[in-house]
Amino acid sequence: MKHDLRFRQIHLDFHTSPHIPGIGSKFDKKLWQERLQMAHADSITCFSCCHHGYSYHPTKIGMMHPHLDFNLLRAQIDACHEIGVKVPIYLTAGLNNYIAEKEPGWLEINSKGELASWAKSPLEPGYRCLCFNSPYLDYLEALTAEAARMFPDADGMFFDIIVQHQCCCPRCMSDMLAEGYNPEDENDRLRFDRRTLKKYLQRITAAARSVNPDLPVFHNNSNLLSPGNRDLFEHYSHFELESLPTGGWGYDHYPLLAAYCRTQDKDFMGMTGKFHFSWGEFGGFKSFDALRYECCAMIANGSKCSVGDQLHPTGMLDESTCRLIGNAFAEVETKEPWCRNVKSFARTAIISNVGYHKPLKLDERVEIGISRLLLESHIPFDRLDDTGDFSKYDLLILADDLRPDAVLRDKLNKFLENGGKLIVSGEAVFCKENDTPAFDLPVEFDGITDQIPNFIACSPEFAPPGVNTPFVMYRPSVKIKVKGGKSLGDVYDPYFVRTWQHFCSHRHTPNKPECSAYSAGVLTKNILYFAHPVFTLYALYGNVILKSFIANSIKALMAGELQVETSLPSQGRVTIFDQPEEKRFVFHALYANISLRGMKSEPFNRYTRETQPVEVIDELTAVHNVKFTLRLPRTIREVTCEPQGTALPFTGKPDGTVEFTLPELLCHQMIVLHY
């Protein structure tokens, strides 16, 4: 059963210390309802049990907050349902300080014998992590079943902090040995953690649905929503993608995560926060413009919206926060008709390395590099795992370190035979089983260079503007000699590799004046190959010259067939969706100036946190007369700007090309192409 989510949800944290009195003392049903309506919210997550370990209703299993004297959750649910607002309920899972103090033997212990907790010492303020392989899971299961019985009218359950850290507590050690795992081997510890995580998901999902078998259930850990985790998804009714740009995730995290989740048969929402930084920041506010952009970015990526807040201990929603959220949600509300029942219409896809490798430790750097390159080049994209359907796409990108096995090679060759185009980089050109080429390229291979870094002098048609001399590449390249097709340029070696015995200048040795015998890559009719791991390099170094080289090469490969071309600056973002029931494509254009503010510093005292630089949107500025060219498979009869309902002049060509100019783009504009 697919669960359709509401578009405008508040995720209302309520992690409240037992040392604070008057819990819920200012809850007022009428004012609660008025504030929710001010926020234009149609769903709100309210708390059953928080990280401190306290319940906000009577309980026979857990501990009701010592300074709460009524059933606050029941009052919240009833008040919300009266005005048509849904209420999923929240239960902490991985953290519970009340139980940690009562049952210290249930705590997670790392391989060094230390607490695997947010607070590493008993003298630090913070939460304690519980082991899902301990009797704590029995306790959590009973607490969950009790909440299901007490609140059968709840609109779902949200479980938080779903993570098991290579636990070496006595029970995990004993069970690892009994089940054939080696506790001294990190890979075995990680495999045992996965086994424990699955046990948690099975038992807690069953407990949540013990009263209502169709209850929406979500287990929160964004890492588990990346490719490679499909075996877990049976325990999820939908996805909620926690991604607070100012909380350390940054503004490029959500688009990559959404690019995969929208290929699954589940509804999903993004989750940002109203805070300047992140969760638990009382009195912290981001700008109206920032939250507006973040909510527009969610719907532009095919998802619903969730905004995080934290309820004051007295139990009343904050007026300033509701006004801030309401400013963003009011806009979302007007745009919902063009965002329902949409399907991604991207014609480019990333073949996820984590989706194929299914690593025990997540490393998405390659895909982050690809994603940023595509976002900044305005190329709409999806993200595919090992079950992905290639036939929907014109262009596939193979991650730098994803050497294809026989199955993937067969799929890719069929894709190429059917007219598709492929981008390969670095060692992904070789078979998984050995160092033989995985693709039919007019290239002679000669191993991997030991000249690091080396340099590229691009062929003129691929060169960045104004750069006709070699530029540096900080990772090894595959040594290739091009025998056909177009060479992307020449590789230049350094005079020598920098060591303590010989070095030059501050950073690395310059290039020799003569080029080596090797090329930077090759372009054929349907394959573009980069000899360097260019996407890893872009992720790590953010080299704008490198981005220009990659983008120029992609344009040459596609030869006028890119789905979108635009004059939008690189900080602009575009996506495209099909809304077949309405017979229209919905094209989203976003733009904001994102700045890095603040700096890293030590904590002010032992009880405060260090500071970190934060990505912020201070104010929104418009860009004008933005040109767009879209290539679509249908004849377009009308183009409109929505929700304004105004016609946009356009030129349609027989080959399906549609050209138009947007007079002004401020934050977000939906351009609807009716067919």
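Brief remarks on what is shown
- Asn468 meets all of the listed conditions (1) closer than 24 Å to Thr348 by Cα; (2) free of Cβ contacts under 8 Å to residues at least 12 places away in the same chain but one, namely (1).
- Top-ranked residue in the range 326-344 [being loosely packed, with under 15 Cβ neighbours inside 10 Å and of a type in the set (Lys, Arg); ranked as farthest from Pro643 (Cα to Cα)]: Lys343
- Residue within the range 457-465 that is among the aromatic types (Phe, Trp, Tyr), on the phi < 0 side of the Ramachandran plot, in contact (Cβ under 8 Å) with a residue 40 or more places away in the chain and touching a helix residue (DSSP H, G or I) at 6+ places or on another chain (Cβ under 6 Å) present: yes
- Inside the range 562-584, residues that are among the aliphatic types (A, V, I, L, M) and not in a loop (DSSP other than H, G, I, E, B) make up a count of 3.
- When residues of the range 236-253 are limited to those that are of a type outside the set (Gly, Ala, Ser) and in contact with a Leu (Cβ under 8 Å, 6 or more places away or on another chain), the one surrounded by the most Cβ atoms within 10 Å (Cβ to Cβ): Phe239
- Residues (part of a loop (DSSP other than H, G, I, E, B), farther than 17 Å from Glu582 by Cα and either touching a Gly at 6+ places or on another chain (Cβ under 8 Å) or in contact (Cβ under 8 Å) with a residue 60 or more places away in the chain (or both)) located in the range 620-634: Leu620
- In the range 326-351, the residues that are out of contact with any Lys or Arg (no Cβ under 7 Å at 6 or more places or on another chain), aliphatic (A, V, I, L, M) and under 17 Å from Gln669 (Cα atoms): Ala330, Val342
- Residue that is nearest to the chain's Cα centre (by Cα), among those in the range 116-132 that are farther than 16 Å from Ile161 by Cα and not small (Gly, Ala, Ser): Lys120
- Residues that are among the charged types (D, E, K, R) and over 14 Å from Phe577 (Cβ atoms), drawn from the range 314-359: Asp318, Glu319, Arg323, Glu331, Glu333, Lys358
- Among the residues of the range 348-366, those that are touching a Phe, Trp or Tyr at 6+ places or on another chain (Cβ under 8 Å) and either among the small types (Gly, Ala, Ser) or in a helix (DSSP H, G or I) (or both) comprise Ala349, Ser352, Gly355, Val366.
- Checking Val614, Val672 one by one, the residue that is modelled with pLDDT under 95, among the hydrophobic types (A, V, I, L, M, F, W, C) and at negative phi is Val614 and no other.
- Selection over the range 547-589 of residues that are closer than 18 Å to Glu642 by Cα, of a type outside the set (Lys, Arg) and surrounded by fewer than 21 Cβ atoms within 10 Å (Cβ to Cβ) gives a count of 5.
- Applying a threshold of 7 Å to beta carbon distances and a minimum spacing of six or more residues, or different chains, the list of pairs starting in the range 472-484 at a residue that is within 14 Å of Ala428 (Cα to Cα) and polar (S, T, N, Q) and ending at one that is crowded, with 22+ Cβ neighbours inside 10 Å and at pLDDT 95 or above reads Ser477/Asn454; Ser477/Val491; Ser477/Ala531; Ser477/His532.
- Looking only at residues in the range 499-544 that are among the small types (Gly, Ala, Ser) and part of a loop (DSSP other than H, G, I, E, B), the one that is farthest from Ala463 (Cα to Cα) is Ser505.
- When the strands (runs of 3 or more DSSP E) confined to the range 402-478 are screened for residues that are among the charged types (D, E, K, R) and assigned by TED's automatic domain parsing to the domain that holds Ile370, those reaching at least 1 such residues are found at 421-425, 443-448.
- Residue selection: Ala399 fails the criterion of being at pLDDT 95 or above and closer than 24 Å to Ser226 by Cα.
- Residue match in the range 657-668 (condition: farther than 30 Å from Phe275 by Cβ, surrounded by 15 or more Cβ atoms within 10 Å (Cβ to Cβ), of a type in the set (Val, Ile, Thr) and in contact with a Phe, Trp or Tyr (Cβ under 7 Å, 6 or more places away or on another chain)): yes
- The test for being within 10 Å of the chain's Cα centre (by Cα) and either of a type in the set (Asp, Glu) or farther than 21 Å from His3 by Cα (or both) does not hold for Ser222.
- Failed condition for Val614, given (1) among the hydrophobic types (A, V, I, L, M, F, W, C); (2) touching a Lys or Arg at 6+ places or on another chain (Cβ under 7 Å); (3) over 28 Å from Leu244 (Cα atoms): (3)
- Of the residues screened, His40 is not one that is at negative phi and part of a loop (DSSP other than H, G, I, E, B).
- Residue count for the range 273-284, restricted to those that are surrounded by fewer than 20 Cβ atoms within 10 Å (Cβ to Cβ) and either closer than 18 Å to Thr16 by Cα or touching a His at 6+ places or on another chain (Cβ under 6 Å) (or both): 7
- Filtering the range 125-159 to residues that are without any contact (Cβ under 8 Å) to a residue 40 or more places away in the chain, among the charged types (D, E, K, R) and surrounded by fewer than 22 Cβ atoms within 10 Å (Cβ to Cβ) leaves only Asp138.
- Any hit, the range 177-185, residues being within 26 Å of Thr144 (Cα to Cα) and not aliphatic (A, V, I, L, M): no
- Output for the range 265-313, where each listed residue is within 15 Å of Asp13 (Cβ to Cβ) and either part of a strand (DSSP E or B) or hydroxyl-bearing (Ser, Thr, Tyr) (or both): Met271, Thr272, Gly273, Ser278, Ser306, Val307, Gly308, Asp309, Gln310
- A search for C-beta distances below 8 Å between a residue of the range 644-664 that is closer than 16 Å to Val586 by Cα and any residue that is modelled with pLDDT of 95 or more and of a type in the set (Asp, Glu), counting only pairs 6+ apart in sequence or on different chains, returns Ala647/Glu638; Phe650/Glu659.
- Count of residues meeting criterion [of a type in the set (S, T, N, Q), surrounded by fewer than 16 Cβ atoms within 10 Å (Cβ to Cβ) and in contact (Cβ under 8 Å) with a residue 24 or more places away in the chain] in the range 160-209: 2
- Thr640 vs. criteria modelled with pLDDT of 95 or more, of a type in the set (Ser, Thr, Tyr), surrounded by 16 or more Cβ atoms within 10 Å (Cβ to Cβ) and more than 22 Å from Tyr293 (Cα to Cα): no
- Scan of the range 220-264 for residues that are part of a helix (DSSP H, G or I) and in contact (Cβ under 8 Å) with a residue 60 or more places away in the chain, ordered by number: Asn223, Leu224, Arg230, Pro245, Thr246, Pro255, Leu256, Ala259, Tyr260
The values are calculated or read from the model by the stated rules, or taken from the named source; none is laboratory data. Please read all numbers here as calculations on a predicted model, not as lab measurements. All Cβ positions, even for glycine, are placed from backbone atoms using ideal geometry, and neighbour counts span all protein chains on display.
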